[in-house]
Structure formats: C-alpha cells, structure tokens
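Down below is the structure, laid out as structure tokens.
Every read-out reported here was derived from the displayed coordinates using simple, explicitly stated rules and does not represent laboratory data. Nothing here was measured: the structure is a model prediction, and the numbers come from that model. All Cβ positions, glycine included, derive from the backbone under ideal geometry; neighbour counts span all protein chains shown.
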C-alpha cells in the first residue's frame with residue numbers, strides 16, 4: 001500500500017511538473033505572438049502614413065516613379081506575407097524604398113518647406129522609432145521563450161509538446177548601408 005502511494009505520489013509530482021512546463025511554454029508562446037502583433041501594429045501605422053507622404057511628394061517629383069513603384073510593391077508584398085519571417089523581410093523592403101524616398105526628398109528643398117510633408121515626415125519618424133522599440137521588445141520576448149525551449153529540463157518538455165525555438169527579428173541584409181540615389 002505504501003509503495004503504491006509512493007509511486008502514485010511520484011507520478012502526480014512528475015505530472016504537475018510537466019504540466020507547469022507546458023503552461024509556461026503556452027504563456028511564453030502567446031507572449032511572443034502578442035509582441036509580434038505590436039510590431040505589426042506599428043508596421044500598419046507606417047503603411048498608413050506612406051501613401052499620404054508619397055501623394056504629398058508625388059506632384060513635385062514625377063520623375064521619381066521608380067521609388068513610388070518600389071514602395072507600392074513592398075506594401076503589396078507585406079500584405080501577402082503570412083509568417084513573421086516573411087513580414088519582416090517585406091518590411092525590410094519597405095524600409096529600403098522609404099530610405100531612397102527620404103534621400104530624394106533631401107535633394108528637393110522645396111519639399112522640406114511644404115507643411116504637409118513636414119508633418120508626415122515627423123509622424124513617420126515617430127513611427128519608425130515605435131517600430132524599433134517594438135522589434136526590440138519582440139526580440140526580448142523571443143529570447144526568453146527560446147531560453148525556455150533550449151535549457152534543461154525545459155528542452156525535454158518542449159520536445160514532448162512540440163514547442164520549437166522562434167526566430168528573432170533581424171535587420172534586412174544591407175540595411176546598414178545608406179541608400180544611394182542619383183538625380
């Protein structure tokens with residue numbers, strides 16, 4: 001009778017231990033998803049601002065159609081992206097095109113004096129800062145989740161329940177290089 005109770009107690013203890021790990025993984029996984037949603041919210045804010053900025057600038061810069069086309073293409077690619085990795089890559093394409101637009105605008109002093117463009121540029125700068133903050137928070141959340149998945153004994157529970165390490169947000173290749181625009 002004592003052995004049966006002891007075995008039952010060990011089984012219950014192990015079950016509770018595994019259940020607590022499972023619940024921890026679920027909470028951490030949901031945290032990663034929630035933080036990615038925050039990144040996407042800021043991306044959406046950026047995408048909502050870009051057409052206004054482009055339309056404000058378009059009339060003055062008809063010859064810069066390539067930049068406008070690449071921005072539109074990047075927004076379309078983002079809209080069709082499904083996974084966080086695909087969305088991050090599409091967002092990188094938007095950033096590259098947007099960088100070229102900003103360089104072009106620097107070369108048109110009359111644009112910088114237009115009040116609408118100034119307001120939109122200030123909003124876009126604020127949005128870019130928010131995106132940077134949310135990406136940082138996302139990476140912190142993913143790091144914490146990945147530590148849970150990769151360290152013992154969590155790694156055993158993670159493999160048992162099918163949890164895998166998540167991908168951190170990384171800057172697009174070549175993002176550190178300033179865009180080169182020749183007029």
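Taking the number of Cβ atoms within 10 Å of each Cβ as an exposure proxy, the fewest-first ranking of 169, 161, 152 is 152, 161, 169. Of all the options 31, 119, 99, the one that moves most in a Gaussian network model of the chain with Cα springs shorter than 10 angstrom is 119. Among 87, 3, 150, the ranking by other beta carbons within 10 Å of each residue's beta carbon, starting with the fewest, stands as 3, 150, 87. In plain terms, the residue of 71, 104, 18 with the fewest other Cβ atoms within 10 Å comes first and the most crowded comes last, giving 18, 104, 71.
How far is helix 65-80 tilted off the main Cα axis of the chain, in degrees rounded to 10, range 0 to 90? The helix 65-80 is inclined about 20 degrees to the chain. Scaling against 2.2 N^0.38 Å puts the C-alpha radius of gyration of region 1-138 at 1.70. Springs between Cα atoms under 10 Å define the GNM used for the chain, and in it the highest mean-square fluctuation of 120, 102, 160 occurs at 160.
Over the chain, dividing the summed -39,500 (n - 2.57) contributions of all DSSP H runs of at least 4 residues by the number of residues returns a 222 nm mean residue ellipticity of -28000 deg cm²/dmol.
Each Cα pair under 8 Å and six or more residues apart adds its separation to the average, and for the chain the resulting relative contact order is 33 percent.
Please determine, in degrees from 0 to 90 and to the nearest 10, the orientation of helix 2-58 with respect to the longest principal axis defined by the Cα atoms of the chain, where the helix direction is its Cα long axis. Taking the Cα atoms of the chain, the angle to 2-58 is about 0 degrees. Taking 163, 68, 47 as the candidate residues, the one with maximal mean-square fluctuation in a Gaussian network model of the chain, Cα springs under 10 Å, is 163.
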